[in-house]
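Nothing in this text is a laboratory measurement; each read-out follows from the coordinates by a stated rule. If you're wondering where the values come from, they're calculated on a predicted model, not measured in any experiment. Methodologically, a virtual Cβ is constructed for each residue, glycine included, from the backbone with ideal geometry; neighbour enumeration extends over all protein chains shown.
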Amino acid sequence: MLMTINASNPPTDLVLTDRLPLAENPAAVYLGSLAEGSRRTMRWALDTIAHLASDGQADAFTLPWAALRYQHTAALRSKLAGDFSPVTANLLLSALRGVLRQAWRLHQLTAEDYQAAASVENVEGATLPAGRGITPGELAAMLDACAADQDPGGVRDAAIIALLYSAGLRRAELARLDLEDYNAQTGELKVRGKRRKERLLPIEGGAAEALADWLAVRGDHAGALLCRIRKGGRLSGRLSTQAVWHIVQERAKAAGVRDVSPHDFRRTFVGDLLDAGADIAIVQRLAGHANVNTTARYDRRPEEAKRRAVRLLHVPYRRVLRSK
């Protein structure tokens, strides 16, 4: 079966192949090199590219990545630029380049073919960050909803919400935390972020108090810092990223807060720090962003400056009551 790219893009003239052993499959090797929290996203990215390239006949593990050449990746870029936002299109292109790099390292692509195929440029453009900011009242309401729960889950979930906001943690980072990652004496939390990069975060104020209350319930046994809670209050196992999402949804619902996700706490963490005058380079390190431009996308100050500027204008509109 020939692989084609839909719409006006030319056919790629590639043929689907049988599954390669994982150790020889560029997609499998690439995904294995990623941190756990990134694998699901990049697996989706590779499946999306394979689907587009094969007219829905291949996935990440059955597309012959080593057969891709510049004309194929250029056609894919054109398709991605038309169908996705710039941010999503560039994420997909990053995954594509990553797999091509592994195909070259596995000696399935020559250096020349790899360099040419991977040379497609990013899609230009900018979009606003996904999600929304959380107001202080909403944060307080969610913590109050946790406090109203007399079960151990209420104490744990308060610690989760406090850490998501005060440390700006990603879901996967929160789920990976172990007891030994938190030093209660120094108030420092060791976080393992994307690409296995570690950073130390200070835990202060209410977040430290919420975590202390949870540790009093949890105990000092080794293992996950934030545990699952079985029936009868028994603590067992590590929370999944999906469980973190579900906890946030349930506590927000109980607090009457709508349309909130775990990432919204991270967005609010960055925005609130910048609003308070924190240096953007410090905020970048706290958030674990590889590039300060990523941090700047969450800076609300330019938007407020634009609003103040617009208020300098006067529109001489007079409201007139009209009969219906």
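Report the Cα centroid-to-centroid distance between the stretch 112-159 and the stretch 22-83 in angstrom, as an integer. What the calculation gives is 25 Å, centre to centre. Among residues other than Leu286 with Cβ under 11 Å from its Cβ, the summed charge is +2 (Lys and Arg +1, Asp and Glu -1). Between amide H atoms placed 1.01 Å from N, distances below 5 Å from Arg238 occur with Arg228, all of them 5 or more places distant or on a separate chain.
Karplus-derived 3J(HN,Hα) values for the stretch 141-156, using 6.51 cos²θ - 1.76 cosθ + 1.60 with θ = phi - 60°, are 5, 5, 5, 5, 5, 5, 5, 6, 8, 7, 7, x, x, x, 5, 4 Hz; glycine and proline are entered as x.
Which listed residue (Val248, Leu200, Cys227) has the Cα farthest towards the positive end of the charge dipole for the stretch 179-324, taking +1 on Lys and Arg C-beta and -1 on Asp and Glu C-beta about the Cα centre? The residue sitting farthest along the positive end of the dipole is Val248.
From least to most packed, judged by other beta carbons within 10 angstrom and beginning with the fewest, Val260, Val292, Val99 follow the order Val292, Val260, Val99. Mean sequence separation of contacting Cα pairs (under 8 Å, at least six apart), scaled by the length of the chain, corresponds to a relative contact order of 15 percent.
Under the definition of Cα pairs under 8 Å and six or more residues apart, what whole-number percent is the relative contact order of the stretch 102-187?
12
Taking the Cα centre of the stretch 150-250 as origin and assigning +1 to Lys and Arg Cβ atoms and -1 to Asp and Glu Cβ atoms, the resulting dipole is close to 680 debye.
Could you put Asp59, Asp157 in order, starting from the residue whose Cβ has the fewest other Cβ atoms within 10 Å?
Starting with the residue having the fewest Cβ neighbours, the order is Asp59, Asp157.
Taking Kirkwood radius over Cα pairs in Å as the quantity of interest, determine which of (1) 20.5; (2) 19.9; (3) 22.7 was computed from the displayed structure. Only one option fits the structure, namely (3).
Summed over qualifying helices (DSSP H, 4 residues or more, each -39500 (n - 2.57)) and divided by its residue number, the chain shows a 222 nm mean residue ellipticity of -15500 deg cm²/dmol.
Please state the relative contact order of the stretch 129-273 as a whole percent: Cα pairs under 8 Å, 6+ residues apart? Walk me through the intermediate numbers first.
Values: 201 pairs, mean separation 52.2, N = 145.
Worked out over the stretch 129-273, it gives 36 percent.
Between the alpha-carbon centres of the stretch 273-292 and the stretch 250-272 there is a gap of 20 Å. Of the trypsin sites (Lys or Arg not before Pro) found in the stretch 243-279, those that fall in a DSSP loop while having at most 13 other beta-carbon atoms within 10 Å are Arg258. Applying the Karplus relation 6.51 cos²θ - 1.76 cosθ + 1.60 with θ = phi - 60° to the stretch 171-181 yields 3J(HN,Hα) values of 4, 5, 5, 5, 5, 7, 4, 10, 4, 5, 6 Hz, where x marks Gly and Pro.
Near Gly187, no amide H atom lies under 5 Å from its own; only residues 5 or more places off or on other chains count, and H is placed 1.01 Å from N.
Sequence-ordered 3J(HN,Hα) estimates for the stretch 308-323 from the Karplus curve with 6.51, -1.76 and 1.60 and θ = phi - 60° stand at 5, 5, 5, 5, 6, 7, 10, 9, x, 8, 10, 6, 10, 6, 10, 6 Hz, glycine and proline given as x.
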